[in-house]
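So the structure is just underneath, and the comments pick up after that.
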C-alpha cells in the first residue's frame with residue numbers, strides 16, 4: 001500500500017487542529033517528541049557522558065540529528081542553542097543526587113536510608129532560601145548572553161514540574177517512599193508539604209528573574225504515581241497538586257495536564273476531582289476507558305509505543321482508527337504515543353503513523 005505523505009504540509013495543517021473539544025478543524029491533531037534515548041539509537045555517539053557535559057558536542061549531535069528528522073519527518077526535535085549555565089534542578093536542591101553513567105541517560109538517586117534521614121531532610125529543606133539555591137555563579141551573565149544570541153527573552157517557572165510521587169522517589173528512593181508512605185504518615189505529610197511550598201517558591205523566584213508570566217496552565221509529569229494506592233495518593237499527592245493548580249492554573253479555562261505513562265486506572269477518579277483536563281497515560285488503558293472516567297479531559301494518546309516501534313503498518317493504522325473511533329468524535333483527542341516514542345522506532349513507522357492520522361482523522365469530509 002502507498003503511504004505517500006507530504007510531511008511539510010502535514011505539520012502546517014497540524015498547527016490548525018489543536019482546538020480542544022471542537023470538530024471545527026481539519027482533523028485530529030498529532031503530537032510526538034523524540035528524546036535522548038531515541039537519539040542515541042539513531043545517531044552514533046562517542047560518549048553519552050560527553051554528550052551531557054560538553055555543550056558544543058551536544059549541539060553538534062543535535063544538528064546532525066535534526067538534518068535527518070527534517071528530511072524524514074518534516075521537522076526538527078532537538079535544540080541547537082542552549083545556555084551554558086543553568087539553574088539548579090528542584091529535586092537536587094531538595095536532596096537528590098544527579099548521576100551519570102557511560103551508555104545511559106542521567107538519573108536522580110537518593111542517599112536516604114532511614115526515616116531519621118527524612119526527618120533531617122525536612123528540617124533542612126524547610127529553611128532553604130530558593131533564590132540562594134537556584135542560581136549558580138555566572139547565571140545572570142549567561143542569561144543576558146543567551147537572550148542577545150537568540151533575540152528572545154528567557155521564560156522560566158510557573159508551568160511545569162515532575163509530579164509529587166516521582167519527585168518523592170527521586171529524593172527518598174523508590175522503596176523508601178513506598179514503605180514510609182504506609183508507615184510514617186506524619187513525617188511524610190511534612191515531607192510533601194515542605195516540598196509543595198518550596199516548589200511554589202522555586203517557580204516564583206524563576207518567574208521573577210525572567211520574563212515568565214502566569215499564563216494559566218501547568219503540566220505535571222508523574223510516571224511513578226502508579227505506585228500510590230488511591231488512599232495514599234489522596235493523602236499525599238492530591239493536596240500537593242491542588243495547591244500547585246490553585247497557584248498556577250487557577251481557573252476552569254486553564255490547562256491542568258498530567259503525563260503518567262504508567263497504569264493510571266486506579267487514580268483517574270481523583271485526577272478528575274482535581275480538575276485535570278489534559279492527560280497522557282500508559283498503554284494499558286483504552287481511550288474509551290479514559291473518556292468514561294475523565295469526560296472533560298483532552299486525551300493525548302493512545303497508541304502503545306511498542307506497537308509504533310514493532311508493529312506492522314496495519315497494526316499501527318488499526319490502533320489509530322481505534323483511538324479515533326473511540327474518542328475522536330468529540331474533538332477531545334490528540335493522537336500521541338501512550339508514553340513516548342520508543343528508541344528504535346523507524347522513521348517509516350512514524351510516517352505511517354502520520355499518514356493514518358491524516359487519512360482517518362479528518363473532520364472536514
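Taken as a whole, the condition of being under 17 Å from residue 264 (Cα atoms), within 21 Å of the chain's Cα centre (by Cα) and outside any strand (DSSP E or B) does not apply to residue 295.
Filtering the stretch 250-264 to residues that are touching a helix residue (DSSP H, G or I) at 6+ places or on another chain (Cβ under 7 Å) and not in a strand (DSSP E or B) leaves 261, 262, 263, 264.
Would you confirm, using the coordinates I've provided, whether residue 63 is within 25 Å of the chain's Cα centre (by Cα) and outside any loop (DSSP other than H, G, I, E, B)? Spelling it out, residue 63 is indeed within 25 Å of the chain's Cα centre (by Cα) and outside any loop (DSSP other than H, G, I, E, B). Taken over the stretch 275-292, the residue count meeting the criterion of being part of a helix (DSSP H, G or I) and buried (at least 20 other Cβ atoms within 10 Å of the Cβ) is 2. Only a single criterion out of (1) part of a loop (DSSP other than H, G, I, E, B); (2) within 25 Å of the chain's Cα centre (by Cα) is not satisfied by residue 2, namely (2).
With respect to the conditions (1) without any contact (Cβ under 8 Å) to a residue 40 or more places away in the chain; (2) surrounded by 14 or more Cβ atoms within 10 Å (Cβ to Cβ); (3) farther than 30 Å from residue 151 by Cβ; (4) out of contact with any strand residue (DSSP E or B) (no Cβ under 9 Å at 6 or more places or on another chain), residue 98 falls short on a single one, namely (4). So which residues in the stretch 238-249 are closer than 17 Å to residue 215 by Cα, under 18 Å from the mean Cα position of the chain (by Cα) and not in a loop (DSSP other than H, G, I, E, B)? Hits for the stretch 238-249 are 244, 245, 248. Residues that are free of Cβ contacts under 8 Å to residues at least 24 places away in the same chain and surrounded by fewer than 17 Cβ atoms within 10 Å (Cβ to Cβ) within the stretch 46-64 comprise 46, 50, 54, 56, 57, 59, 60, 63, 64, listed in sequence order.
Coordinate-derived values only; no laboratory data. Since we're looking at a predicted model, the values are computed, not measured. When we count neighbours, we look across all protein chains shown, and the Cβ atoms used for this are built from the backbone with ideal geometry, even at glycine.
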